[in-house]
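The structure under discussion appears below in the form of structure tokens.
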Amino acid sequence: MPKSATSLLGSTEVTQATIRRAVEAALTAVLQERKRRPVRPPPPLSEVERQVAKAAAGPTKPSRKRGFRGTPPPATFDLYALPDTALLTEYETAAAARLSTNTLATWRKRDDHPLKWLTIGGGRIRYCVAAVKEYLATGHRPRPGRPRAQDAAPPRRRAARPRAKADDLGAPQEPSS
């Protein structure tokens, strides 16, 4: 081997070893610096960021299209401690009044519903606490089954055919003049 090739090969090996030692020394210095510096906790999340994180951490199973439609468990809050202007969701209203969410949805389609509601942005339904308190004070309870049509006319009957008389059955008809 020529002398120049050997010196070139030796310098390459020295250079790689030198680079390796320099990288290891730099990594050691960085790790020691991290050990000395106290770890600060991340800043607190805003309410929106918390909700996003909760949704992201939740199950990946798709939710039911219509959501919960039954009778929820009793309310965990005191309805009478809330201000009258506060708004309740359909679920909270059903829990406070001990009604099914299906009942509330059906009442919203009727003209004579006992509970008033508001529609806020995005088509979300809210009930005013004052309206819920007023409903509970009336003592009204829903009747099972479909509502009766109170102002509806009685069902129409078909008109009966005129009955044939005994005289008309056997007698021939005379031409009238």
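The values are calculated or read from the model by the stated rules, or taken from the named source; none is laboratory data. This is a predicted model, so every value here is computed, not measured. Neighbour counts run over all protein chains shown; Cβ positions are idealised from the backbone, glycine included.
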Worksheet item: Does region 119-128 contain at least one residue that is surrounded by fewer than 10 Cβ atoms within 10 Å (Cβ to Cβ), part of a loop (DSSP other than H, G, I, E, B) and either modelled with pLDDT of 80 or more or in the same structural domain as Asp84 (by TED's automatic domain parsing) (or both)?
Response: no
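Within region 86-103, does at least one residue satisfy the condition of being part of a strand (DSSP E or B) and either modelled with pLDDT under 90 or of a type outside the set (Lys, Arg) (or both)?
Quick first cut of region 86-103, residues part of a strand (DSSP E or B) only: 87-88.
Filter once more, so that each one left must be either modelled with pLDDT under 90 or of a type outside the set (Lys, Arg) (or both): 87-88.
Yes.
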Worksheet, complete the sentence: Of those in region 88-114 that are within 18 Å of Ala137 (Cα to Cα) and in contact with a strand residue (DSSP E or B) (Cβ under 6 Å, 6 or more places away or on another chain), the residue surrounded by the most Cβ atoms within 10 Å (Cβ to Cβ) is Thr93
Practice prompt. Among the residues of region 52-85, count how many are at pLDDT 85 or above, under 19 Å from Ile120 (Cβ atoms) and not polar (S, T, N, Q).
Written response: 3
Discussion item. I'm checking my understanding of the structure. Among residues of region 135-149 that are more than 18 Å from Thr89 (Cβ to Cβ) and in a helix (DSSP H, G or I), which one is modelled with the highest pLDDT?
Written reply: Ala137
